[in-house]
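Novice: Sharing a structure with you now.
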Amino acid sequence: MEIMQIVGIGLLAAFIAVILKPVKPEISIQVSIAAGIIIFIMLIGKISSVVKLLETYNKKANIDMVYFSTLLKIVGIAYISEFAAEICKDAGESAIASKIELGGKVIIVVLAIPIVTSLLDLIIDIMP
Amino acid sequence: MELELIFRIAAIGILLSIVNSILEKSDKKELIPLANLTGIIIVIIMLVPHIREFFDTIKTIFLF
C-alpha cells in the first residue's frame, strides 16, 4: 500500500542523510528536502480527492465558497510553514524556523480577518 | 519512483567527499571550498524544478 512506500522512502532518506551528515552536512539537508517533496507528491491524489469531496458537500449545503477557500488556504499555509520550519530545525537553524512559523501565523491571522468580521457583524445584528 | 533523485543527491555528496580527500592528499587545499561550492550548486540546480513543482501542486490543491 501507499504507507509502505512512504515509510520506505522516509527511512531510506533518513539513512542517507545520517550517512552524509558528518561528511557533507549541506547535502544531507538537501536529501531531507527532496524526501519531503517526494512524499508530498505521492500524497497529492489522496489530498485532492478529500478536497473535492469537501467542495461538493460545500456546494450541496450552498455555503459561501469564500469560507471554504480561506479555510483551505489556511491549511496550505500551515502545512508549508511547518514543512520549512522543520527543515530549518533539522539544519540547526531554530531561530530561522521560529521566524518562518511567526510569518505563517501572521498570514493566517490576516486571512482569517474577513471571516471574523462577518461573524462579529452577525453577533452585533443579533444583540438587542 | 522518485527514489532516483535521492540516490543521485547521495551519490553527489559521496563523490564530493572523495574529491575533497583527493584534493587534500595532493595538497591543493585551496580548491576544496570551490569543489564544495560546485557540488552544492549542482544539487540545488537538480532540486529547483522539483521544488517548483512542489509549490505549484500546493497552489492548485489548496486553491491559493
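The values are calculated or read from the model by the stated rules, or taken from the named source; none is laboratory data. Keep in mind the model is a prediction, meaning the values are calculated, not measured. Cβ: placed from backbone, ideal geometry, glycine included. Neighbour counts: every protein chain shown. Keep in mind that these areas ignore ligands, DNA and RNA; they rest on the heavy atoms of the full protein, side chains included. Shrake-Rupley method; radii C 1.70, N 1.55, O 1.52, S 1.80 Å.
Novice: Residue by residue through segment A:35-43, which ³J(HN,Hα) values in whole Hz follow from phi under the Karplus form 6.51 cos²θ - 1.76 cosθ + 1.60 (θ = phi - 60°), with glycine and proline marked x?
Specialist: Working through the residues one at a time gives 5, x, 5, 4, 5, 5, 5, 5, 8 Hz.
Novice: Checking the table A:Lys89/B:Lys59; A:Lys21/B:Lys59; A:Lys21/B:Lys29; A:Lys24/B:Lys59 against a 26 Å threshold on Cα-Cα, which pairs fail?
Specialist: Numbers: A:Lys89/B:Lys59 24 Å; A:Lys21/B:Lys59 32 Å; A:Lys21/B:Lys29 22 Å; A:Lys24/B:Lys59 33 Å.
Checking Cα-Cα distances, A:Lys21/B:Lys59; A:Lys24/B:Lys59 exceed 26 Å.
Novice: Using a 1.4 Å probe on protein heavy atoms only, how many Å² of accessible area do A and B hide from each other, summed over both chains and rounded to 100?
Specialist: Roughly 2800 Å².
Novice: Within the set of other residues whose C-beta is less than 14 Å from the C-beta of A:Gly36, count the net charge using Lys and Arg as +1 and Asp and Glu as -1.
Specialist: -4
Novice: Another one. I need the phi-derived Karplus couplings for segment B:29-44: 6.51 cos²θ - 1.76 cosθ + 1.60, θ = phi - 60°, integer Hz, Gly and Pro marked x.
Specialist: So the Karplus estimates, Gly and Pro as x, are 5, 6, 7, 4, x, 4, 4, 4, 4, 5, x, 5, 5, 4, 5, 4 Hz.
Novice: Just the projected area, averaged over all directions, of the convex hull on the alpha carbon atoms of segment B:3-62: how many nm²?
Specialist: 4.6 nm²
Novice: In segment B:5-48, what trypsin sites (Lys or Arg not before Pro) fall in a loop by DSSP, with at most 10 other Cβ atoms inside 10 Å?
Specialist: On the way: sites: B:Arg8, B:Lys25, B:Lys28, B:Lys29; in loops: B:Lys28, B:Lys29.
Listed in order of number, the matching sites are B:Lys29.
Novice: For q = 0.11, 0.12, 0.26 Å⁻¹, what log10 I(q)/I(0) does segment A:63-128 give under the Debye formula with an equal point scatterer on each alpha carbon and no solvent?
Specialist: For segment A:63-128 at q = 0.11, 0.12, 0.26 Å⁻¹, log10 I(q)/I(0) is -0.38, -0.43, -1.02.
Novice: Using all Cα-Cα distances in chain A, what percent lands in each 10 angstrom bin from 0 up to the longest?
Specialist: Histogramming chain A at 10 Å steps yields 11, 27, 30, 19, 9, 3, 1, 0 percent.
Novice: Here's a follow-up. For peptide A:36-42, how many partner chain Cβ atoms fall within 10 Å of a residue's Cβ, on average?
Specialist: Other-chain Cβ atoms within 10 Å of each residue's Cβ, averaged: 4.
Novice: Okay, moving on. Please give the calculated 222 nm ellipticity per residue for chain A, where each DSSP H segment of at least 4 residues contributes -39500 (n - 2.57) and the sum is spread over every residue; nearest 500 deg cm²/dmol?
Specialist: Details: 4 runs with 117 residues, N = 128.
Theoretical 222 nm ellipticity from helices: -33000 deg cm²/dmol.
Novice: When only C-alpha pairs under 8 Å and at least 6 residues apart count, what is the relative contact order of segment A:63-128, in percent?
Specialist: 32 percent.
Novice: To continue, here is another question. Compute the long axis of helix A:2-23 from its Cα atoms, compare it with the longest principal axis of the Cα atoms of chain A, and write down the angle in degrees, 0 to 90, nearest 10.
Specialist: Tilt relative to chain A: about 50 degrees.
Novice: Pop out the ³J(HN,Hα) list for segment A:119-127 in order, Karplus 6.51 cos²θ - 1.76 cosθ + 1.60 with θ = phi - 60°, rounded to Hz; leave Gly and Pro as x.
Specialist: Couplings: 5, 5, 4, 4, 5, 4, 4, 5, 4 Hz.
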